[in-house]
Amino acid sequence: MTVLLSIRDLAVRYQRDGVEVAALKGVSLDVLAGERLAIIGESGSGKSTLALAIAGLLAKSALVDGTIEWPPGQLQPSRFFAPPSVLPDISPARGEISSSAGGFPPATPEIGESDRDGSISPLVGEMSGRTEGGAVEHRRSNVRGELPRLGRDIGFVFQDPSSSLDPVMPIGRQIAEVVHTHLHLTWRDAYAKAKTLLERVRLPDPEATLRCYPHQLSGGQKQRVAIAAAIAAGPKLLIADEATSALDTIVQAEVVTLIRGLVAEDGMTLLFISHDIALAASLADRIAVLRHGELIELGQTDQIINAPRQSYTRALLDAHLGLDAKPLLDRKGASA
Amino acid sequence: MTVLAVSNLAKRYRRGGKPFAAVDEVSFEIGPAETLALAGPSGSGKSTIAKLVLRLIEPDAGRIDFEGGDFLALSGGSLRARRARLQMVFQDPLAAFNPRATVARVLDDPLRIHAIASRAERPLRIAALLERVGLETNLATRAIHEISGGQRQRVAIARAIATRPSLIVLDEAVSALDVSVRGQILELLLDLQRQERIAYLFISHDLGVIRAIAHRVVILDAGKIAESGDARTVIANPQSAVGKALVAATPKLVRTSQEAS
């Protein structure tokens, strides 16, 4: 299978109360194009840090080592990929080739090559080389190859839709803005697309929902809106970071079904971050297990569930309280 | 004999100008050392019932008998005195505690307020409580925000048992914990129940957890009881539409090489 993105020796450290805390330690992982990969772990395992690192959303103060490489040809070509000041020659050419060929431009490998020093990124350009305490401080210099754009190439769904949606902006505007910004449609077309997206996430009465504010929707409906915004620009990669953890069981199952359907329809790659191994297993092709910032096990879902190699993975499986587990009440004999 | 008997409890709110019943004609009983779980989707009335039982809000109709007396008739000093026997543990202990307080301070409060131990006795009682919930006694001097989530929930349980209650209301008390810690906290709750004969009103959206710890379950839907009965029987064979939906929606871990756990 084609590799969508390649993570090598990724280490992330945070400064907390003057003490350095390692959130990720030497994580290497290939995310395959079109797969559903679950990242599971307990609090502090680094699973959210990994998601944020891939999305380029780490705090500026985070100390990052290692690389996240997007091999050439995986991202959508865009006329607005990089400002001419950074890429005067390649950028316009890329646009022409991609629009005429309708595929991925042959120029991309060169971009990947020329990016080895990390200076291609407009985000990185100004800060390149600035270090503190011996580590590169800015966050995007570790991304090699093409630079993914959050919103266009990566859709991100967070746990709490109330904090990811703007409380004073109508739903329709929030989705249309993504479409307008990344797909360069007119506002009129962007709103039409927003309505289609609300239909796709199965919100009742999309026309009325366009004019709603987030507080008028339930938690599950808000998460559907957040998903609509995340997939609005047709990203290659959808990252769902505990996206169903705050929802009740019934709504969680509905949203998982929705995500599964959308990912299949659009041929997206899914990164599903969860603390719930049973939920992850119901959705993922492969499962990666993180513990204390380290990737301790990665395998096909069936292997992880039925033949885990690590005792920690086995412990996580045994701690799951399923509807067929022996009740704790019986384990100690006594009963009221 | 019952510890708690709730009959025809009702609580109505107005939403968008229209009256709506958060809790509608709900009745149930809990016996000593028994765990009754309340399950149901968001908005089914679980937490409203918890608040009514704790008298954090007042019902519009119905009756609550606690330890054989009319709990709703109590007020002032008699209510405060009776409240020592009825404790609570919430989902997020960080939100329930003063974050700047130390563990010792959190445990000192109930002992002092309910005059359970003299000033001189209290440090010993605090140490005993910490040991009782499986914590090191030197944790007493730590600030609440410094300790882990699992430790904090143990402190919340220690505070709840400090006043020797007959009933503890646990509202999603293990929902925010990691699975490994969750198992330990459930074991601790079972231990305490067996030794001190404490009854639990255990509110959870997670049928797996309910099945592990509860004797009986009440499944709520839109403020009404949809069905109730022995926890394992109901979960194995739900009769109501909402019960069936909850069971169907619970993530299943299908392990072909199932080993005895």
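DSSP finds beta bridges in the protein assembly as shown, and of those with both partners inside it, around 55 percent are antiparallel.
Each Lys or Arg adds one and each Asp or Glu takes one away; over the other residues whose Cβ falls under 15 Å from the Cβ of A:A226, this sums to -1. Database remark: amide H of B:A199 closer than 5 angstrom to the amide H of B:A33, B:E34, B:L167, B:I168 (H placed geometrically; neighbours at sequence offset of 5 or more, or on other chains; Pro and chain starts carry no H). Separation of segment A:17-58 from segment B:207-260 is 34 Å, based on Cα centroids. Overall, the protein assembly as shown carries a charge dipole of about 1640 debye about its Cα centre when +1 sits on the Cβ of Lys and Arg and -1 on the Cβ of Asp and Glu, all other atoms neutral. So, R0 is 22 Å and r is the distance between the beta-carbons of B:T233 and A:D324; what FRET efficiency does that work out to, to 0.05? FRET efficiency, B:T233 to A:D324: 0.95. Would you work out which of A:A243, B:L74, B:A127 lies farthest towards the positive end of the dipole of the protein assembly as shown, given +1 charges on the beta-carbon of Lys and Arg and -1 on that of Asp and Glu, about the Cα centre? Most positive-ward Cα: B:L74.
From Cα pairs below 8 angstrom and at least 6 apart in sequence, can you work out the relative contact order of chain B, rounded to a whole percent?
It comes to 26 percent, rounded to a whole number.
Got the relative contact order for segment B:94-164 handy, in percent, Cα pairs under 8 Å and 6 or more residues apart? In percent, rounded to a whole number, it is 44. Around the amide H of B:A61, modelled in the peptide plane, lie the amide H atoms of B:A10, all under 5 Å away and 5 or more residues distant in sequence or on another chain.
Applying the Karplus relation 6.51 cos²θ - 1.76 cosθ + 1.60 with θ = phi - 60° to segment B:20-26 yields 3J(HN,Hα) values of 9, 8, 6, 9, 9, 6, 9 Hz, where x marks Gly and Pro. The distance linking segment A:258-336 with segment B:171-204 is 22 Å (Cα centroid to Cα centroid, whole angstrom). For segment B:34-47, backbone phi angles converted through the Karplus equation (6.51, -1.76, 1.60; θ = phi - 60°) give residue-by-residue couplings of 10, 10, 10, 9, 10, 10, x, x, 4, x, 7, x, 4, 6 Hz, Gly and Pro being listed as x. Counting only residues at least eight positions apart within a chain, or on another chain, the lysines with an alpha carbon under 19 Å from that of A:K193 are A:K222, A:K236. Applied to segment B:176-186, the Karplus parametrisation 6.51 cos²θ - 1.76 cosθ + 1.60 on θ = phi - 60° returns per-residue 3J(HN,Hα) values of 9, 8, 4, 4, 5, 5, 4, x, 5, 5, 5 Hz, with x for Gly and Pro.
Taken together, the values in this text are just the output of simple stated rules run on the coordinates, not laboratory data. What you see is a predicted model, and the numbers here were worked out from it, not measured in a lab. Glycine gets a Cβ as well: all are built from the backbone with ideal geometry, and neighbour counts include every protein chain shown.
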